[in-house]
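Below is one structure, written out as structure tokens; the observations come after it.
Nothing in this text is a laboratory measurement; each read-out follows from the coordinates by a stated rule. Please read these numbers as outputs of a predicted model, since none were measured by experiment. Cβ sites come from the backbone with ideal geometry, for glycine too, and all protein chains shown count toward neighbours.
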Amino acid sequence: MNITRLTACFLALFALTQLQGCAVVAVGAAGAVTAKVAKDRRTVGVQLDDQNAETQVAYQWSKSEALKQHANLQVDVYNGIALLTGQAPNQTLINEAVAGAQKIGYIKKIHNQIRLGTPIDATDQANDIWLASKVRTQLVVDERVPKLQVTVVVQNAEVFLIGRVNNQEATAAVDIARNVDGVSRVIRAFEIM
């Protein structure tokens with residue numbers, strides 16, 4: 001985040017605190033975070049360890065100029081299981097990305113879903129964000145899938161689903177995602193309970 005955006009954020013936050021009802025806004029936001037943490041099937045410690053592992057993998061990748069310049073990579077860790085997605089122009093870079101994730105001792109399993117190819121452009125990335133939003137919405141409104149238990153990652157219209165679910169929940173989530181307009185493929189990387 002650059003200084004200008006940081007300053008703007010602080011000014012916006014200050015303005016919010018000056019409005020009546022600011023306590024409601026702060027309590028509402030804190031309540032939403034608390035609800036997400038409380039409903040997650042992982043302990044708070046595991047959630048923090050997963051976030052830390054994501055940061056460590058990203059750090060490993062950031063040490064490689066070739067990965068920074070030529071690859072589009074994303075890591076998502078859920079309960080010690082890493083999902084690697086994105087694109088790299090050659091197998092050497094994919095192998096380097098996987099090797100970086102393997103250096104993190106906390107990660108017990110890696111789903112390598114990095115595609116061989118040119119990194120997608122901003123238009124495709126925007127479409128992926130929109131597609132992920134549509135899939136998440138469908139998952140939230142369907143009672144067969146427990147709320148906040150499935151993480152949705154979209155890369156180039158491919159939907160990757162991770163989380164800790166049972167077989168019925170996993171099957172329902174895949175079925176829901178598969179039927180969202182614009183999804184080209186659904187890959188499940190669930191931890192089955």
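Checking the Cα-Cα distances for 103/134; 68/103; 68/147; 63/147; 109/134 against a 25 Å cut-off, the pairs over it are 103/134; 68/147; 63/147; 109/134.
Pull up the DSSP beta bridges for region 44-116 and report the antiparallel fraction as a percent, rounded to 5. Working shown, then result.
Numbers: 7 of 15 bridges.
If we restrict to bridges inside region 44-116, about 45 percent are antiparallel.
If I take every Cα pair under 8 Å that is 6 or more residues apart in region 122-192, average their sequence separation and divide by the length, what percent do I get for the relative contact order? Numbers along the way, then the final one.
Working: 114 pairs, mean separation 22.7, N = 71.
Worked out over region 122-192, it gives 32 percent.
Peptide packing for 89-100, 111-122 was compared via the average number of neighbouring C-beta atoms within 10 Å per residue; ordered from the highest value, the list is 89-100, 111-122. For region 114-132 and region 43-77, what is the centre-to-centre distance using only Cα atoms, to the nearest Å? Centre-to-centre distance over Cα atoms comes out at 18 Å.
Descending by average beta-carbon neighbour count within 10 Å, the peptides 69-76, 102-109 line up as 69-76, 102-109, the highest first.
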